[in-house]
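Reading through the structure tokens given below for one structure.
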Amino acid sequence: MPELPEVETVRRGLAPALENATLTAVQVRIPKLRWPLPPDLAERLIGNRVERLTRRAKYLLVHMSDGCVVIIHLGMSGHMTVWPEDAPTPGRHDHIDFVTDAGAVIRFTDPRRFGAVLLDHADTIDDHKLLSKLGPDPLSNQFNAEELARRLKGRSSPIKAALMDQRIVAGLGNIYVCESLFRSAISPKRKSGTVQGKRAEALTAAIRGVLADAIAAGGTSLRDHVSPDGTLGYFQHQFSVYGRQGEACPGCTCDIEKTGGIQRLVQAGRSTFYCSRRQR
């Protein structure tokens, strides 16, 4: 599933084509994705101008001139492509086209149909059921060591599980949690409530750094992620631990034959990769 860096990459790629553009057509080819599509989606958007695109955790928010807000989630396999002109004939997985007054087509494609396109309004968007319980965005001013420590205090769950909880920090997924824990030298098995003080400072800085590096690299393309211009992300070539079981971690000085290198364990059904020597 696309995580925060992939969604932010998509937002940045869509902005030049969508922001300040008026939608002249919206072509909806199926009745539902993960949830039913708004039956009046085209009616509500045609003739409306896109004021700006924002991101909340893993959700894209398209703010329209009449106050309408389109909530887009890419699901497991969704992506959006910008065709400045001459868009190809839609394929079986090309479910929605947004057409602008400049003639551009922004196409939503989702083979597995776990994505979502919903409508809300600027006056009520903060109370939407998908957004209202989300924790602070790790790239926002609301995310800092003190706030993270406060949200973790008293929790006995492993820190890996806590960081995957969107109510604690919004937008993180398996890849970036593994990488952030490695950078901060914190074991994924450590109890969440013990991540206070300097540990919380180190983890906050690591999360911000990992996300910034991933966005600069265009995100991670392991399966489905592509930018709106069709290019792949390449952060997967910078992984320190994720998917590297048995290998040496960056700067490793230990004997891999004795330690086994990067280790893998399963937590809450997800693979965790870490260095048992460096992460405590």
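Bridgeable lysines around K191 (alpha carbons under 24 Å apart, same-chain partners fewer than 8 residues away excluded): K133, K153, K160.
Under the convention that each Lys and Arg Cβ holds +1 and each Asp and Glu Cβ holds -1, the size of the dipole of the chain around its Cα centre is about 1780 debye. Its relative contact order, with pairs defined as Cα atoms under 8 Å and 6+ residues apart, puts the range 4-127 at 30 percent. For the range 63-124, trypsin sites (Lys or Arg not before Pro) are listed when DSSP marks them as loop and at most 11 other Cβ atoms sit within 10 Å of their Cβ; the list is R92.
Spin-label model, F114/L265: points 7 Å from Cα along the beta carbon direction are separated by 2.5 nm. Computed over the chain, the per-residue total of -39500 (n - 2.57) for DSSP H runs of n ≥ 4 gives a 222 nm mean residue ellipticity of -7000 deg cm²/dmol, rounded to 500.
Taking 0.36 nm per residue of sequence separation and removing the Cα-Cα distance, the A212/R280 pair yields an extension gain of 22.1 nm.
Computed over the chain, the Cα gyration tensor eigenvalues convert (square root of 5λ each) into semi-axes of 37, 21, 15 Å, ordered from largest to smallest. Estimated at 0.36 nm per residue, the fully extended path between L222 and T253 surpasses their Cα-Cα distance by 8.3 nm.
Between the listed residues M164, F273, I46, the Cα displaced farthest toward the positive end of the dipole of the chain, a dipole computed from Cβ unit charges relative to the Cα centre, is found at F273. For the range 60-150, the list of GluC sites (Glu not before Pro) that fall in a loop by DSSP and count at most 13 other C-beta atoms within 10 angstrom reads E85. Computed over all pairs of different Cα atoms, the Kirkwood value for the hydrodynamic radius of the range 57-139 is 14.2 Å.
Of interest is the spacing of the C-alpha centroids, which for the range 72-116 and the range 136-202 amounts to 34 Å.
Rounded to two decimals, the Cα radius of gyration of the range 32-184 over 2.2 N^0.38 Å is 1.21. Cross-link partners for K32 among the aspartates and glutamates, with Cα-Cα distance under 16 Å and sequence neighbours closer than 8 places in the same chain left out: D40, D94, D97, D110. About its Cα centre, the range 4-127 has a charge dipole of approximately 520 debye under the convention of +1 per Lys or Arg Cβ and -1 per Asp or Glu Cβ, with nothing else charged. For the range 145-274, the orientation-averaged shadow of the C-alpha convex hull comes to 8.6 nm² (one quarter of the hull surface).
Every number in this text was worked out from the coordinates using simple rules, so none of it is lab data. Not measured: the values here are computed from a predicted model. All Cβ positions, glycine included, derive from the backbone under ideal geometry; neighbour counts span all protein chains shown.
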